[in-house]
Amino acid sequence: MSEYMKHMMEIEAVKKEADKLMMDKIVYYEKEIDLVREEAQVTQLQLEKKLQQKDDRIKELEQINKEHQDLNGKLQDEIKSIEQGTVNNFRRKGVL
C-alpha cells in the first residue's frame, strides 16, 4: 500500500472518529434538552395547579362575600322592622 493510501485511510479514520464524537455530543445534548423540557412541563403543571387552586379559593371567597352581603341586608331589614315596631309600640302607649 502506498504512503498516500495509508495517509488517506488515517484521514478517514480521524474523520470517522470526529463524526462519532460529534454524534455522541448531539445525542448527549438532545437528552439534556429532553430533560429540561420535561422539567419545564412539570413546573408548568405545578404552576397551573396552583393557579387553579387560587382561582377556586377566590370563587369560594366571592361566594362567602355574597352570602354575607345577603345576610347583612336581611339583618338590616329585620332591624328596621324591629325599630319600626318599637316606635309604633311607643306611639300606642303614648310615649311618642
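None of the figures in this text is laboratory data; all of them are computed from the coordinates on show. Every value quoted in this text rests on a predicted model; they were computed, and no experiment measured them. Here Cβ is always computed from backbone atoms with ideal geometry, including for glycine, and neighbour counts include all displayed protein chains.
The table below lists the values:
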| quantity | calculated |
| --- | --- |
| Size of charge dipole - the chain - debye, nearest 20, with Cβ of Lys, Arg +1 and Asp, Glu -1, no other charges | 1060 |
| Taking N as its residue count, the alpha carbon Rg of the chain over 2.2 N^0.38 Å | 3.28 |
| Degrees, to the nearest 10: 3-93 long Cα axis against longest axis of the chain | 0 |
| Coarse-grained scattering of the stretch 1-54 at q = 0.19, 0.26 Å⁻¹, given as base-10 log I(q)/I(0) from a Debye sum over alpha-carbon atoms | -0.75, -0.91 |
